[in-house]
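We did not get these values from a lab; they are worked out from the coordinates using the rules stated. Since this is a predicted model, take the numbers as computed values, not measurements. Every residue, glycine as well, gets a Cβ built from its backbone with ideal geometry; the counts of neighbours run over all protein chains shown.
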Amino acid sequence: MGKSFEALLPEHVAFIAKQHIFFVGSAPLSAEGHVNISPKGHDVLRILSANQVAYLDLTGSGNETSAHLAENGRITIMFMAIEGPPEIIRLYGKGHVVLSGSDEWEQLAPKFELLPGVRQIMVIDIHEVKSSCGFSVPFYTYEGERNTLQNWATKQGDEGLLAYWEKKNMTSMDGLPTPIGQKLSTENR
């Protein structure tokens, strides 16, 4: 049986710090819309307080979480032990997107190593932390990070990334606008 907490405890923070991957879940309000689950690697998550985390979002072929946060803010982040004792931690909250050029970006960006392909920062205000056993999660061995995205993004350069965002990241697969799409549309007017 899982346990529920109003905020991150020190043992949750220690567990999260050991994980090499986490998963982000979000969904649109529409019942016909797609629920999105996205894996995140690299050292991109920062715990800002017991009730707030942020992660550096890297360029991808979709931009679902961004669109969902802009529409309704609902988000869940899940961490699970693939090595060591079994455990799962879920962070339930409301999030928002932070784009480069904003005052909030200027405050948050120094907390991260800005990897090639950085697209935006997601900030999540946590209203519930839930732990559960993870007894059925199999063991895996961490071998290292993939540098494929970073190599691709470096090769694209700033102009190539911008063109990619304009082609692939303006709306969600359900047609919801993304904050980066709205920003790019405004700048191109």
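Taken as a whole, the stretch 22-40 holds at least one residue that is among the aromatic types (F, W, Y), more than 26 Å from E159 (Cα to Cα) and touching a Phe, Trp or Tyr at 6+ places or on another chain (Cβ under 7 Å).
Looking for something within 26 Å of G33 (Cα to Cα), surrounded by 13 or more Cβ atoms within 10 Å (Cβ to Cβ) and touching a His at 6+ places or on another chain (Cβ under 8 Å) - is there at least one such residue anywhere in the stretch 153-172? Within the stretch 153-172, one or more residues are within 26 Å of G33 (Cα to Cα), surrounded by 13 or more Cβ atoms within 10 Å (Cβ to Cβ) and touching a His at 6+ places or on another chain (Cβ under 8 Å). Contact annotation: residue pairs with Cβ atoms under 9 Å, 6 or more positions apart or on different chains, pairing a residue in the stretch 15-27 that is over 12 Å from H68 (Cα atoms) with a partner that is part of a helix (DSSP H, G or I) and not hydroxyl-bearing (S, T, Y), are F22/I16.
The residue list R146, R119 contains one member that is closer than 14 Å to K40 by Cα, basic (K, R) and in contact with a Phe, Trp or Tyr (Cβ under 9 Å, 6 or more places away or on another chain), which is R119.
Quick one: is N51 over 19 Å from L8 (Cα atoms) and either in contact with a helix residue (DSSP H, G or I) (Cβ under 9 Å, 6 or more places away or on another chain) or surrounded by fewer than 19 Cβ atoms within 10 Å (Cβ to Cβ) (or both)?
no
Is it the case, given these coordinates, that L69 is hydrophobic (A, V, I, L, M, F, W, C), touching a residue at least 12 places away in the same chain (Cβ under 8 Å) and within 20 Å of G33 (Cβ to Cβ)? For L69, the condition - hydrophobic (A, V, I, L, M, F, W, C), touching a residue at least 12 places away in the same chain (Cβ under 8 Å) and within 20 Å of G33 (Cβ to Cβ) - is met.
The set of residues in the stretch 52-95 being in a helix (DSSP H, G or I) and over 13 Å from the mean Cα position of the chain (by Cα) consists of A70, E71. Within the stretch 105-132, residues that are free of Cβ contacts under 8 Å to residues at least 40 places away in the same chain sit with their Cβ atoms under 7 Å from residues that are in a helix (DSSP H, G or I), at 6+ positions apart or across chains, in these pairs: P116/Q150; P116/A153; P116/T154. Filtering the stretch 4-39 to residues that are polar (S, T, N, Q), part of a loop (DSSP other than H, G, I, E, B) and under 15 Å from the mean Cα position of the chain (by Cα) leaves only Q19.
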